[in-house]
There are 2 protein chains.
Amino acid sequence: MKKNLFYLCLFLIISSCKTDLNGNLTKVSTLEELNTAINNAKPGDQIVLANGTYKDAEIKFTGEGKDGEPITLKAETPGKVFIEGESSLEISGNYLEVNGLFFRNGHSPKANVIAFRTNEKDVANHSKVTNCVILDFNNLERDQDNLWVQLYGKHNELSNCYIAGKTNGGPTVRVDLKGNQSIRNYHKIINNHFGPRPRKGGARGETIQLGSSFTSMSPSNTLIANNLFEECNGEVEIISSKTNFNIIKNNVFYKSEGSVVTRHGNYVAVDGNYFIGDGENDQYGGIRIINTGHWVTNNLFYKIKGKNFRSPIAIMNGIPKSPLNRYNQVTDVVVAYNTFVDSDSPWQFGVGTNISQADVLPPSEIRSARPLRTEVVNNVIYNSKGDPNPIIEHDKADGVTFASNIIDNNGVEIKNSYGLISKELTLTDIGTDLSVPTSGFDDVEEYNGFDFETITEDLLGNSRSKSNQIGAILNVENINLNLLDKSKYGADWYSNEVEAKEPITHTVSNASELVAKLQEAESGDIIDLSFGVFTIDESLIIDKSITIKSSGDGKAQIIFSGKENTPLFQLSPYGKLTLKQVILEGNNSNYAFASLKKNMSNHFGLNVSECEISNFNYVLRVYKQAFSEEITFKNTSIADCENGIELSEETNDRGDYNTEYLTIDNCNFNNVKQNVVDYYRGGYDESTIGGNLLITNSTFTNCGEKEKNKRLFNHNGIVNVNINNNTFKNNKVQFVSILWGAKNNVESNNTIINSGEIKTEENLVMTLMY
Amino acid sequence: MKKNLFYLCLFLIISSCKTDLNGNLTKVSTLEELNTAINNAKPGDQIVLANGTYKDAEIKFTGEGKDGEPITLKAETPGKVFIEGESSLEISGNYLEVNGLFFRNGHSPKANVIAFRTNEKDVANHSKVTNCVILDFNNLERDQDNLWVQLYGKHNELSNCYIAGKTNGGPTVRVDLKGNQSIRNYHKIINNHFGPRPRKGGARGETIQLGSSFTSMSPSNTLIANNLFEECNGEVEIISSKTNFNIIKNNVFYKSEGSVVTRHGNYVAVDGNYFIGDGENDQYGGIRIINTGHWVTNNLFYKIKGKNFRSPIAIMNGIPKSPLNRYNQVTDVVVAYNTFVDSDSPWQFGVGTNISQADVLPPSEIRSARPLRTEVVNNVIYNSKGDPNPIIEHDKADGVTFASNIIDNNGVEIKNSYGLISKELTLTDIGTDLSVPTSGFDDVEEYNGFDFETITEDLLGNSRSKSNQIGAILNVENINLNLLDKSKYGADWYSNEVEAKEPITHTVSNASELVAKLQEAESGDIIDLSFGVFTIDESLIIDKSITIKSSGDGKAQIIFSGKENTPLFQLSPYGKLTLKQVILEGNNSNYAFASLKKNMSNHFGLNVSECEISNFNYVLRVYKQAFSEEITFKNTSIADCENGIELSEETNDRGDYNTEYLTIDNCNFNNVKQNVVDYYRGGYDESTIGGNLLITNSTFTNCGEKEKNKRLFNHNGIVNVNINNNTFKNNKVQFVSILWGAKNNVESNNTIINSGEIKTEENLVMTLMY
């Protein structure tokens, strides 16, 4: 008997190690060895990349594995194999697997960092990239669009990867469907951690894009499941589904400034996802719906404050007989069994209607086709602070069936209820700081729509067959989710959680110390300037997060004697400067702050407060393709400069701009001759909603006399502009500002003395982007 | 043992008769009884309609049958139950079957004759209409569009029906996909005989339409198989596929003036069909391709002479970013394993390109997007008379892969061969008067495209797995098809083959005999007029096929003294008049020929030869909504009339017109003051190709003096115009004709004396139809 057991065990061991026993393991440590190993690989073989850094590695991994016997290319130790410099990975063949690589400190010389093909004909099938990391692998310029991962072929998988930090144009991940070899692909994008993608400033910043409008008629059947999307803020679309029959399921969208959008294509299932906001940031969105046949079921929206295009459920108006790349009408859509907690105006219809813009847009741009044959049923809304408008009709929702929806609005009356049933509900703690109503409505009979018997489970996977009820979550005991446990997503060897580091303060008392310490300091450190004058003659490079401030009671003064058209502070990639209580003085021909003229491969930042700035040619000059998430001037005076704050070089009219937020608060501008505030966005795009200009509590005197277009502020194309509580005195301009009425451009409480006027134009004539 | 056998037999009998034994059989003979029976029907029940005629029967057949136990509504004797008058059939529920009904002598008061739903919500599923006939069940007016059979719901079947004679607007059969209850329908339209559908004159005359552009994003999965399409001449599209994943398989398209068109929607399989022409009629077409992902395989094209839009394989140019209802680009299409015998220029690319019309059409109408990623491979072409242009590029075919195609061009050099391999082939008789090359090319290696392993069979269902070869038909012994055996299609109790009847000649010698005999005569008969004068004071009703001619040597004369604006010959539905060797004289205020002013529920026809016509207000006046396939005047003189041939009332600009062919051959027009020839088509449609005007060998003298627009001939919008070998003398007009250069308008060998000129305008400014 013991002997038998031994043989059984042996058999089991051999069986379970089949791959290892059958295949060869080849360890390689150079690219040449790697290529040789790839060329020789047979089904079941493993190629092991020795730990180390591989620079300028353009890896082509081709081969023919078999089902159960893949050819594997893996790191000796996952996370200890670094792909750097000008590097890329291309894969084609069948049953190939890549495991454990770390792409960092570089960028791809090609259109992709990882491509599931090696040329137009040769694609990968049944292959996967797993347990890898791609971090900040950005092209040198924002306008050099690329895709970090592009899937071609069929039945491929991107799983358990951590991917973050893309700042250049182009979706992070895209599924390509051009050619019959890539349709009905059944790709899986699962268990990944999509870490922060900073705001890009304009379009082309999606985290995942499934196809394009040109392949929007193709069946894709891609699955995006069980991923964590964390701070995916690239643009308004986190996932842009542009093909048919995709499934977006059980993902967590955490503090991500965008929406899941069924942009093109049809019959997409968006089922069982978590959209988690903070109850404050109104950029966090939900699901925006365009086209036909989508099913939005079992989703939870928690403290989502996105409005209009970013509202939890945004059902758009279409363009009648829409062009292929625009907006088809919404028809045959089902929105059922979802739960909305403390999410503002969660149901919005006719989003994007622009009938009023018929004067400035061609007929083929007018979104007037309202949703048809659409059902919004069996949903639950809970508002701890009542919402008078849970349903907003930008255009009539007369093609929508509402039934069996309930609301606890905490006593606040609803203007437009469409049959919402009022209830008093209690909340259940389900973990992850989520409190959700799961009971108190079992007396409401569910609306039974066509094919609703296919909605077999709730958000947590519990069966709806026995005691079904409306809303995303059935009433079961002891729910304790741990959605934000990051170890559940991404590469098992990588965490994006960094330990907080105590900043070091470096005190400097003369110019050369300042230069030396600035170089020496680590990101996050502080440089204290002793009281006195620092004369600087070459630009100070800002390429990390750094704070420079006066140490004591009086303000230190920096006099910049550098060459004309060079900046005192050279804002470089990753350079985030906080400047406090400092006097800056130029020689009238040089600049206070400027970005690099090129190769701004990552974003910069600028926060200036309690400073005095004078005698510069430019206060701030931001060049094309440079981008900052935030630029702030606060409690600061700016005087006797030829140019002020200049962010107007994104003139290619692709919808780009140079900063997401530009804030001027309690500042004093005096004798700034032109470009006092010049912030430009060219190219009309109805869905993106930046930039943001706030000018408040400030005074502008004797400014703008050289401004050719006679406007003190130029902010053409910026979507959100707020000018309030300022005083304008003796500025030689015709207009303080011309506001864009159709967008969110507003002014209030300004005092204008001998400074022209603030005018509002409802519609701006702009270049269409597409 | 015997006993056991007995019980076994009993068991088998009971099993096989399960339905009959379980269900009730209810015989009904009134609509009231029918309704009661329907209300009471249980799964397995049969409702038998007693033989007889049911007038104005609006039947609603609702019920819940079961799989294997349908509720059946059937004729007592198939074909002996007539549904007439204002009648319709609507079906909803599950597992319902209708069998053996004959719809004739009437029309539907509703939008459909047969609808697979009873209202917007209640559709039929798993239901069928089989073994029925719908014949000439036309609405009273051509413009009263309807659909004879409309399928809704899922898994329904239209089988073994004979359907013919639709003359009013609207497809004969349509599958509707509005609403999730009707997508992925898997309907079967099988084994039917679609008999002659006369030319409609303009659009909206399809035999089958699958969805519409508004549902063109929906999966349909409809199967159209094993049907015979005979003389389906309604318009340019016989089958208009407008949805996705349809299968069109093993059908016979016999002498049908149109094409199978993948008009909207994508991924349609057109496999194993027979397109059979006569080698002469250039209206018989093949397959016209628009959109993405279609597979055209295993089809045989035999003596198909269609050109351009109707060519055997017509691959269109698309509109870049096309509007929903226009032309998407062709991408990812496969045309493989087809055989073309004596079919002119079978492969045409860039069909519909209209870059040259950029001046008269908006940009959203310009078809400039050439096919992409398209494969034309493994095909065989045989031309017994060589064709110098088997491939025509209306625009470049640079996105098309050509490979492994062969041709036997009988020695004629090919200008543009794209790698066609020349061979000498022999033909094999495969029955049905078809001789096809099936051998002689097994040395040509097949091109192996992506997924080509799914092309498992040839046109005849023989496996390609063992000895595959290019072309539609594998080289097997003793093929003897009997494709045109009509007993294989349609209702088993109905044949459209009529025995030739010997016409009866009725001789009449005075007016009252003429009136009496005309009424008495049967369709096809001849009325011989004795030499002499017939004075007629009321219109003669022509409502059948009739020939009226002079019996002897001299021409009889008919003097019409009827009221003003009434015609001598009242051309009524089904009225086809052949008039020969007769003199017609009016009173200057009445008409020689006219259609009905309304209720022209079927087409008329007119053929006038060797006649002399004078002193009418109108020679021919055709009112709106009246249509004739052919109107011919030959060897006839027309003199001293206020108006000539007037067919210009189709002014709604929907692309309609009043006759398909208008021919004036060897005629003599003298002193016809206006509307000499006035033939109008309004509404631009790029794909339809009528009407047809031929004016040849004729003389026009002193005509047109009252014509307001100073043109002798008005034929605005008529696509085919040929004016040749005529003499024009002293006609007081500015233009004899203004030809439409972009379409097929030509003139030659005309002599023009003091009669203005013939001018050609390349592009006509017209109303767009859609």
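The values are calculated or read from the model by the stated rules, or taken from the named source; none is laboratory data. Just so it is clear, the model here is predicted, and its values are computed rather than measured. Glycine gets a Cβ as well: all are built from the backbone with ideal geometry, and neighbour counts include every protein chain shown.
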Legend entry - Test: residue in segment B:641-654 that is basic (K, R), under 24 Å from B:E257 (Cα atoms) and either at pLDDT below 95 or surrounded by fewer than 20 Cβ atoms within 10 Å (Cβ to Cβ) (or both): yes
Inset, instruction - Residues being hydroxyl-bearing (S, T, Y) and free of Cβ contacts under 8 Å to residues at least 40 places away in the same chain: count how many of those fall in segment A:146-202. - result: 3
Legend entry - Contacts under 7 angstrom Cβ, first residue in segment B:308-333 being away from chain A (no Cβ under 11 Å), partner of a type in the set (S, T, Y) and assigned to a loop (DSSP other than H, G, I, E, B), 6 or more apart: B:F309/B:S687; B:S311/B:S345; B:P312/B:S343; B:M316/B:Y327; B:N317/B:T353; B:N317/B:S368
Inset, instruction - Just name the residue that is nearest to the other protein chains (Cβ to nearest Cβ) out of those in segment A:162-196 that are of a type in the set (K, R) and more than 21 Å from A:K249 (Cα to Cα). - result: A:K178
Legend entry - Scan of segment B:109-126 for residues that are part of a loop (DSSP other than H, G, I, E, B) and buried (at least 23 other Cβ atoms within 10 Å of the Cβ), ordered by number: B:F116
Inset, instruction - Mind counting the residues in segment B:203-216 that are touching a residue at least 40 places away in the same chain (Cβ under 8 Å) and within 14 Å of another protein chain (Cβ to nearest Cβ)? - result: 5
Inset, instruction - Would you be able to tell me the number of residues in segment B:362-400 that are under 20 Å from B:Y302 (Cβ atoms) and within 14 Å of chain A (Cβ to nearest Cβ)? - result: 0
Legend entry - Residue count, segment A:441-470 (criterion: among the hydroxyl-bearing types (S, T, Y) and part of a loop (DSSP other than H, G, I, E, B)): 4
Inset, instruction - Determine which member of the set A:I183, A:I208, A:I190 is surrounded by fewer than 24 Cβ atoms within 10 Å (Cβ to Cβ), hydrophobic (A, V, I, L, M, F, W, C) and at pLDDT 95 or above. - result: A:I190
Legend entry - Selected residue (only one of A:N670, A:N709 is more than 24 Å from the chain's Cα centre (by Cα), without any contact (Cβ under 8 Å) to a residue 24 or more places away in the chain and surrounded by fewer than 19 Cβ atoms within 10 Å (Cβ to Cβ)): A:N709
Inset, instruction - Quick one: count up the residues across segment A:248-295 that are surrounded by fewer than 24 Cβ atoms within 10 Å (Cβ to Cβ) and basic (K, R). - result: 2
Inset, instruction - Run B:T297 past the list (1) hydroxyl-bearing (S, T, Y); (2) in contact (Cβ under 8 Å) with a residue 60 or more places away in the chain; (3) out of contact with any Phe, Trp or Tyr (no Cβ under 6 Å at 6 or more places or on another chain) and report the number of the one that doesn't hold. - result: (3)
Legend entry - Filter result for A:V341 (within 14 Å of chain B (Cβ to nearest Cβ) and either under 29 Å from A:N462 (Cα atoms) or hydrophobic (A, V, I, L, M, F, W, C) (or both)): no
Inset, instruction - Please find, within segment A:655-667, the residue that is surrounded by the fewest Cβ atoms within 10 Å (Cβ to Cβ) out of those that are acidic (D, E) and within 25 Å of the chain's Cα centre (by Cα). - result: A:E660
Legend entry - Residue list for segment B:468-517, restricted to those being in contact with a Lys or Arg (Cβ under 8 Å, 6 or more places away or on another chain) and within 28 Å of B:G79 (Cα to Cα): B:N482, B:S495, B:N496, B:E497
Inset, instruction - List every residue pair whose Cβ atoms sit under 6 Å apart, with the two residues 6 or more apart in sequence or on different chains, where the first one lies in segment A:694-705 and is acidic (D, E) and the second, anywhere, is part of a loop (DSSP other than H, G, I, E, B) and surrounded by fewer than 18 Cβ atoms within 10 Å (Cβ to Cβ). - result: A:E705/A:K732
Legend entry - In segment A:461-470, residue farthest from A:S159 (Cα to Cα) [restricted to those that are of a type in the set (S, T, Y) and surrounded by 11 or more Cβ atoms within 10 Å (Cβ to Cβ)]: A:S467
Legend entry - Within segment A:210-265, strands (runs of 3 or more DSSP E) holding 2 or more residues that are of a type in the set (V, I, T) and touching a strand residue (DSSP E or B) at 6+ places or on another chain (Cβ under 9 Å): A:237-241, A:247-249, A:259-262
Legend entry - Residue that is surrounded by the most Cβ atoms within 10 Å (Cβ to Cβ) [pool: residues in segment B:41-76 that are among the β-branched types (V, I, T) and farther than 19 Å from B:N105 by Cα]: B:I71
Inset, instruction - Find the residue count for segment A:443-464, including only residues that are away from every other protein chain (no Cβ under 14 Å) and either under 24 Å from A:T374 (Cα atoms) or at pLDDT 95 or above (or both). - result: 12
Legend entry - Residue within segment A:371-387 that is at pLDDT 95 or above and touching a Lys or Arg at 6+ places or on another chain (Cβ under 6 Å) present: no
